[in-house]
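The next block holds one structure in the form of structure tokens; read it before the comments.
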Amino acid sequence: MNRALLLVCALLLLAGCSSDSPPSNQPPEASISSILPAEPTEGEAVAFIGQGTDADGDVAGYYWSSDLDGELSRLATFETDSLSVGEHAIDFMVQDNNDTWSAEVYGSVKVLPAGGASATVIAFEVLPSTIESGASVTLLWNVSNATSVTIDQDIGTVPATGSVVVTPDVTTTYMLTAAGGGSTVTANVTVTVTGTWQQSGNVVTLTADGEMSGYVRSSGVERTIGIYVGDDDANRDIQGFLTFDISDIPEDAEITRVLLDLSGYDIPYDFPFPGLGCLRAYVHEYASIRDQYWTKDLTDPIGEWCDFDDLDMPTHSIGFRGALQDELGERYFQFRLQFSDPRSDWDDTRDLLHWERGILPTMTVEYNCD
């Protein structure tokens, strides 16, 4: 028995056996070298170049994906001309020879719609059209297929869809000029100014903060590269959130009117109306949106839009007036956008509203101070 035991030990030593544990595998590291061009037009080829390193092995696999189009490639470098129109959040990972994946690294690419169609002024309006001296009005416009849009009277270059508050001293005509597709079109509106008005209120127009406005997926992933709301092709809902800096409004102010302008949206895929129901806004405590994509016990909405006509025409909101009044004294006012259907219309398509970071919603607030 002792001779047998000695023989076994000798064989183990010859085989190089040791009581030491093998070193643990270190995950690889991924990096994106370039995604070019950064703003291609629809159908234009985009080149993706990524790389990976592994301190204790070799890189054996690659994975590219888009939040809009899903998996893109499993190669380190590749080109594609089939990206969807819209702003893509790009994820890239690498895998080592022990099947361990790296942490995700991120990039972005914005695919612009192909041109060609002539510029068209869909709407150019003013509300109200007649005021007393010292009062303000809101110019509203919606232009399609334009490469440039300008309004005279020192307003200058504006986005294709939007609004601006002006305070003319005298009766004034504003001319909008839109160019695109080889044509230039114009439209005019006139504000009639009468009498003398003793202004007792204050008006401020706030634009949503692009760094703190975005969308959150059902997975809890939060993005701030533009605002999306609707559902995706896997029937998962996507909620938008908007954040406004309200620190310039005095804490003791009395909010008299709030005008929310959501008209600067585009529809990169299929229409969310009417399949997803009405778009609704809910107050959301600032900085608490992460990991929350659907609140089961909902309070009453502070705003509701049930078709595109509702979205295209900014309106005064009693709900927003009360909600904003409650938040005075805080620096930020944040609310969530979601459709009344809690998840999806289950049609396996992307049904989305989208606001680019350069054309974010605005909120015009009128208030009085003692």
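In the range 206-220 there is at least one residue that is surrounded by fewer than 16 Cβ atoms within 10 Å (Cβ to Cβ) and at pLDDT below 85. Checked against the criterion of being surrounded by 15 or more Cβ atoms within 10 Å (Cβ to Cβ), among the aromatic types (Phe, Trp, Tyr) and under 26 Å from the mean Cα position of the chain (by Cα), the candidates PHE124, PHE78 yield just one match: PHE124. Has the range 232-239 got any residue that is crowded, with 24+ Cβ neighbours inside 10 Å, in contact with a Cys (Cβ under 8 Å, 6 or more places away or on another chain) and touching a residue at least 60 places away in the same chain (Cβ under 8 Å)? No: the range 232-239 contains no residue that is crowded, with 24+ Cβ neighbours inside 10 Å, in contact with a Cys (Cβ under 8 Å, 6 or more places away or on another chain) and touching a residue at least 60 places away in the same chain (Cβ under 8 Å). Of all residues in the range 136-172, exactly one satisfies the criterion of being surrounded by 18 or more Cβ atoms within 10 Å (Cβ to Cβ) and more than 22 Å from ASP312 (Cβ to Cβ), namely PRO168. The condition (being over 21 Å from ALA253 (Cβ atoms), in the same structural domain as LEU276 (by TED's automatic domain parsing), acidic (Asp, Glu) and modelled with pLDDT of 90 or more) is satisfied by just one residue among ASP345, ASP351, ASP341: ASP351. PHE320 - would you say it is touching a helix residue (DSSP H, G or I) at 6+ places or on another chain (Cβ under 7 Å), buried (at least 19 other Cβ atoms within 10 Å of the Cβ) and modelled with pLDDT of 90 or more? Criteria not met by PHE320. Scanning the range 350-370 for any residue that is among the polar types (S, T, N, Q) and outside any strand (DSSP E or B) turns up nothing.
The values are calculated or read from the model by the stated rules, or taken from the named source; none is laboratory data. Nothing here was measured: the structure is a model prediction, and the numbers come from that model. As a convention, Cβ positions derive from the backbone with ideal geometry for all residues, glycine included, and neighbour counts pool all protein chains shown.
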